[in-house]
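To start, the structure itself, in structure tokens.
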Amino acid sequence: MAHRKADYPSQIYFIRNEITYEIIVLREGEERLTALLHPRDEMKYIIIVPDESMIPSVRCPDAPCMFATIGYSDSDVPEVTFYLQEDYVNG
């Protein structure tokens, strides 16, 4: 599974089973950056946000999206939690 640097505002993309996945990391106040995304056929997005409360304010591009948060505890291994686009109302 190859991965490459993506065009801004996405950080990285990879292709699996002929589907392109782009990963974008948003910080608070950067919710509008998703307007810069230009999805193509067979493209999906994984949008990483600081916490779940930010998800409703992020507008997904015209492509399937999944959200994720990354938490750190006492372990060196981060805890990743995924959220489905369908579970949130996008503005």
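The values are calculated or read from the model by the stated rules, or taken from the named source; none is laboratory data. No experiment lies behind these values; they were computed from the predicted model shown. So basically every Cβ, Gly included, is an ideal-geometry build from the backbone, and we count neighbours across all protein chains shown.
Are there strands (runs of 3 or more DSSP E) fully within the range 36-91 with at least 2 residues that are over 23 Å from residue 20 (Cβ atoms) and of a type in the set (S, T, N, Q)? List them.
So the answer is none; nothing clears 2.
When the range 16-35 is examined, which residues are found to be over 12 Å from the mean Cα position of the chain (by Cα), in a loop (DSSP other than H, G, I, E, B) and among the charged types (D, E, K, R)? Working first, answer last.
Keep residues of the range 16-35 that are over 12 Å from the mean Cα position of the chain (by Cα), which gives 16-20, 28-30, 32, 35.
Within this subset, residues satisfying the condition of being in a loop (DSSP other than H, G, I, E, B) are 17-18, 28-30.
Of everything in the range 16-35, those that are over 12 Å from the mean Cα position of the chain (by Cα), in a loop (DSSP other than H, G, I, E, B) and among the charged types (D, E, K, R) turn out to be 18, 28, 30.
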remark   = Within the range 16-58, of all residues that are in contact with an Asp or Glu (Cβ under 7 Å, 6 or more places away or on another chain) and more than 18 Å from residue 6 (Cα to Cα), the one surrounded by the most Cβ atoms within 10 Å (Cβ to Cβ) is 58
ask   = What pairs can you find where one residue is in the range 3-15 and part of a strand (DSSP E or B), the other is modelled with pLDDT of 90 or more and surrounded by fewer than 16 Cβ atoms within 10 Å (Cβ to Cβ), and their Cβ atoms are less than 8 Å apart, with a gap of 6+ or different chains?
value = 3/12; 3/14; 4/12; 4/14; 5/11; 5/12
request  = Residue by residue through the range 59-91, note down the ones that are surrounded by 16 or more Cβ atoms within 10 Å (Cβ to Cβ) and either over 23 Å from residue 36 (Cα atoms) or among the β-branched types (Val, Ile, Thr) (or both).
outcome  = 69
inquiry  = Report every pair of residues separated by at least 6 positions or lying on different chains whose Cβ atoms are under 6 Å apart, first residue within the range 26-43 and touching a residue at least 12 places away in the same chain (Cβ under 8 Å), second loosely packed, with under 11 Cβ neighbours inside 10 Å.
reply    = 39/62
